[in-house]
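Bear in mind these aren't lab numbers, they're just calculated from the coordinates by the rules spelled out. In this text, all values refer to a predicted model and were calculated from it rather than measured experimentally. Every residue, glycine as well, gets a Cβ built from its backbone with ideal geometry; the counts of neighbours run over all protein chains shown.
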Amino acid sequence: MSDTAPPVLLTREGAVSWIRLNRPAVLNALDEPTAAALLDACRSVADEGADEGGQGPTRVLVIAGNGRGFMAGGDVGRFNDDPAAAPAVAGAIIAHLHEAARILDRLDVPVLASVHGPVAGAGMSLATAADLCIAADDAKFTMAYARIGATPDGSGSFHLPRLVGLRRAMELAMLSDVIDAAEALRIGLVNRVVPAADLAAETAKLAERLAAGPTVAYAGIRHLMRQSFDRTLDGQLDAERDRFLSTAETADFREGIAAFTAKRRPDFTGR
């Protein structure tokens with residue numbers, strides 16, 4: 001990779017948008033330009049309309065990393081260059097990263113993290129922010145923040161307890177031990193583990209399956225699930241009713257009912 005290569009790549013494959021972290025020489029460590037580019041990519045997906053090829057809007061977003069790992073966390077070397085400036089440098093990175101996390105949370109399409117190698121610090125936070133996570137069997141996870149005397153950012157302290165429970169999250173954050181992909185699967189940090197050589201193909205297969213699904217219903221599912229922790233049961237029941245009735249007005253719902261009745265595979269269009 002040349003020094004002028006963009007630190008984040010946004011590409012489109014059919015109905016699937018891919019955000020690829022692209023600083024392989026430093027294991028995609030997060031500096032301010034990379035965080036800013038990640039935010040720009042998230043904004044592009046959130047703000048898009050139909051693409052020029054007429055494929056329609058994105059129906060799935062995949063976040064992955066180029067090179068030997070997903071993300072090795074923040075670019076700590078930048079802090080060491082001028083320790084007195086570290087708070088300002090970190091603040092700039094966090095501003096971009098946190099706005100990206102907010103956008104990911106508000107998206108109306110499934111977000112899939114595809115991770116391999118080191119998944120550390122902000123990289124682990126970013127992976128937990130996705131709806132689903134597929135990991136290569138060589139993935140190694142660590143919150144890492146406590147190792148440098150810091151606290152989590154990038155939504156890690158929000159999503160991690162919701163995935164693995166409060167006590168497990170406390171252990172992962174405070175001790176910052178490295179866990180392998182098998183342990184990550186066992187505790188619910190990831191959804192599935194595949195051989196490293198198959199990660200790209202298995203990610204594409206899962207993304208394509210999601211892209212062929214009922215997009216409006218997926219949006220309702222992700223928002224219902226994500227907001228359920230902040231509601232009472234009564235509030236959640238009301239939200240479920242409202243979402244169901246709104247999806248019952250979609251073409252995908254009509255197609256789903258027709259396909260179920262005819263005992264055939266539905267052909268969802270995302271509308």
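Which whole number of Å³ per residue matches the convex hull of the alpha-carbon atoms in the range 60-147?
Considering the Cα atoms of the range 60-147, their hull volume per residue is 96 Å³.
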Charge dipole (the chain, unit charges on Cβ, about Cα centre) - positive-most of M71, A101, S114: S114
Dipole magnitude of the range 157-271, debye to nearest 20 (Cβ charges: Lys/Arg +1, Asp/Glu -1, about Cα centre): 280 debye
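Beyond 15 Å, what share of the Cα-Cα pairs of the range 143-217 is found? Please give it as a whole percent.
Cα-Cα pairs of the range 143-217 separated by over 15 Å account for 66 percent.
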Surrounding net charge for A86, when Lys and Arg each add one and Asp and Glu each subtract one, Cβ distance under 13 Å: -4
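Placing unit charges on C-beta atoms (Lys and Arg positive, Asp and Glu negative, everything else neutral), compute the dipole magnitude of the chain about its Cα centre in debye, rounded to 20.
Around 760 debye, computed over the chain.
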For F253, F260, order by how many other beta-carbon atoms lie within 10 Å, fewest first: F260, F253
Listed residue (T261, H223, T250) projecting farthest to the positive dipole end of the range 215-262, Cβ model: H223
Residues of the range 165-193 with amide N under 20 Å of the 7 Å Cα→Cβ point at A239: 165-166
Formal net charge of residues neighbouring P161 (Cβ-Cβ distance under 12 Å; K, R +1; D, E -1): +2
Equivalent-ellipsoid semi-axes of the range 215-262, from the Cα gyration tensor, Å, largest first: 24, 10, 8
